[in-house]
1. Can you tell me the dipole magnitude for the stretch 240-381 around its Cα centre, using point charges on the Cβ only (Lys, Arg +1; Asp, Glu -1), in Debye to the nearest 20?
2. Can you tell me how much longer the chain between residue 447 and residue 353 gets when fully stretched, taken as 0.36 nm per residue apart minus their C-alpha distance, in nm with one decimal?
3. Calculate the FRET efficiency for residue 497 and residue 594 from the Cβ-Cβ distance with a Förster distance of 45 Å, rounded to the nearest 0.05.
4. Beyond a 22 Å Cα-Cα separation, which of these cross-linked pairs lie in this structure: 94/251; 415/539; 448/577; 183/577; 418/593; 35/94?
5. Give the long-range amide H neighbours of residue 430: residues separated by 5 or more places, or on another chain, with amide H under 5 Å away, using H modelled in the peptide plane at 1.01 Å from N.
6. Show me, for the stretch 258-264, the HN-Hα J-couplings you get by feeding each phi into the Karplus relation (A = 6.51, B = -1.76, C = 1.60, θ = phi - 60°), rounded to Hz, glycine and proline as x.
7. One quarter of the convex hull surface, Cα atoms only: what value does that give for the stretch 451-531 in nm²?
8. Under a straight-distance cross-link criterion of Cα-Cα below 13 Å, which aspartates and glutamates are reachable from residue 466, leaving out those fewer than 8 residues away in the same chain?
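Derivation of every value follows stated rules applied to the coordinates shown; laboratory data play no part. None of the values given here were measured: they were computed from a predicted structure. Here the Cβ positions follow ideal geometry from the backbone for every residue, glycine too, while neighbour counts run over all protein chains shown.
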Amino acid sequence: MPSTTQKPPRPTTLPDISTIKNFPVDNPRAKPAWKWGGVKQGWYLEVLDRTYYWDPDYVKPNGKKGRGLEIRVHIGRIVDGVFYTDAQYRARFKRGGVKRAFVKPKTRPYHKKSGERVPPIELPSGEPEARPQKEKASEPAAAAPVEMPKPAAAASEQSAATPAAPNESPVPSEPQRLVVAKKELGGTLLCYRVAESIGLVADLQKSYGKTAAAAILSVATHWLMTSRNAAWLYGDWAEQFALPFRAMDAKEMTEFYKGLGADQQALSQLFTSRFARIPETECVSYDSTNAETEAKECSDAILGKGKDGTFRNQICLAVCYANRSRSPLMFRIFPGNVPDTKTTKDLIERLTVFSNRRARTVVLDRGYFSIANLGLWAQQQDYDAIIAAKIGTAWVWDVIENHMPDYWDWKRYLKDEKCYARTDEVSLKDADGKPFTAWVHSFRSDFKSGEETDEFARELADYAKKWEKGTASATSSTLRYFQTPTAGPGECKLVENNEAVQARLRQCGFFACVSTKKMTAAQAVRHYGERDGVEKIFKSGKTELEMDAMRAHLNTTILGRHIVGFVALSIMAALKKGMSEPRKQILPGGEIKEYRPLIEEYSVYQLLQAFSTVHLVQYGSKVAVSEITGKKRLLLSRAGFSDAYSEPLPEYCQPLAAMS
């Protein structure tokens, strides 16, 4: 290479093309030429496709018209007496002509710089959306799309059926070489088996078709395996694993999310299919949470008040969850400033469309509590509602006050729930003035009473200290438990209002719920206790799948991301259900060994990472799973999926398709 910054003169001689290895001698227009590559590379040989033509309209400097011109198209380079196409050169040399230590793998089929386009994912609602393909000015036509890998037999049939072009000499067929190759499998196969076991694979294929279903499952598996959901991370990760669908770059992922979110019919079919798999006696819970977003183009991103009391741009996500089946059934996204009390009518309509009356009992938290909402549930006949009541509501507390001695009566003690309970029938009127009947189930817990008393005492003490320092808010609801201050924060001390404090302490330990169907207090508290599953789903989504923030800008894209998140949470919930069961193992001597629930030792992420050394191995025309150790088999058994890595393997784990 040149050692100075001065440009050396152009070499005057060109090599004889007959001495250049792999030179395209069948192209008479291919000519070598010298080109300056900068100080580091110097002069190098490129190969041009030179086409000459006569331009009668060209005006020479002397005013005469007509001149012979040429079009030059770069087709490759010559290095050390060997011709390389551009793709071959990039694989073997770095920028500046430095030779690579290893040949770089061929460009990924989804790489946006390859100039190639993979077939778009077809959704069942219509034709796939074709992405515009950019064309270079020197190219007469766009590059042909890349075809998905085919088995050897299909490839040979296609080559036999396609005649050779007139300029091309026929390439003699070579016998297929048997290869031994492997690709990472890890916990991806376990995720797929779990999805199969709960009918999720069949439901996705029925709703979106096989291709889109495979893509959804692959992306959801990435979320579960990495606890990350950024679109740009999927491509490189997916290249390492045997998955139902190929790798995609960030741009294609965004288009895929957008296509999923735009297909409302397929989403409705998915929800209907999920409801069809629960028993008719199932009890479901419904709750919502919010996710922060900075998307300006998303109309659902509205400034709203979060549960921490701060205002921010957010959207709301509501999930319907099967308490006994432990599976999410449907979800809804709505603007971030809509309170839960305003969504009851929409919930009833969605249940009517999707559930086909399979979920007869619906459990809701106190955010949905109001007489108007109780009236909506009472006036329809298909579903029964149990809603947590706010103890501070006057008519609820009056029911408790009228029977206060009963909450210390041993006959009313529920041993399993460790609380006193009673049920009272009440008559109420809905928003239209129509009367309806509801049942108030009230409870008192000694343990809860002690906890709430201590917490209330700390709240009063902390607020009094902040007031004295001048950092307390003068509009806080805690101020009602103190006498009217003589001055503002930091200017006086607070004095407790004993009467208000005693009234609050009297309510400590009490809780209640209201049902639109007659039932015992024991039945009501057990139904309500089952709703913790939907809270755990929200926690899992935010802490384990990064669903606490929305990294998208359009409503359809956000909805598409949540469809993938819904699938990932369904798989996670099924895994946690299996991991929550205690297991038994029969040892060779006949001894029975008992195991505590696996969820106490492993998280879902840790369980999936325990299979990181498992590979899918191809032996010629056969594929098999690499060795599964005894510890891994025990983990599968304790999770309830002992046959996850057994044959027959899924359709996507096949030769060539899996190893391509």
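1. Dipole of the stretch 240-381, to the nearest 20 debye: 460 debye.
2. Working: separation 94, 0.36 × 94 = 33.84 nm, distance 4.23 nm.
Stretched fully, the residue 447-residue 353 segment lengthens by 29.6 nm.
3. Details: r = 56 Å, r/R0 = 1.25.
Here the calculated transfer efficiency is 0.20.
4. 94/251; 415/539; 448/577; 183/577; 418/593
5. Here the answer is 436, since their amide H atoms fall under 5 Å of that of residue 430.
6. Once rounded to whole Hz, the list reads 4, x, 5, x, 7, 9, 5.
7. Value for the stretch 451-531: 7.4 nm².
8. Excluding near neighbours in sequence, the set is 491.
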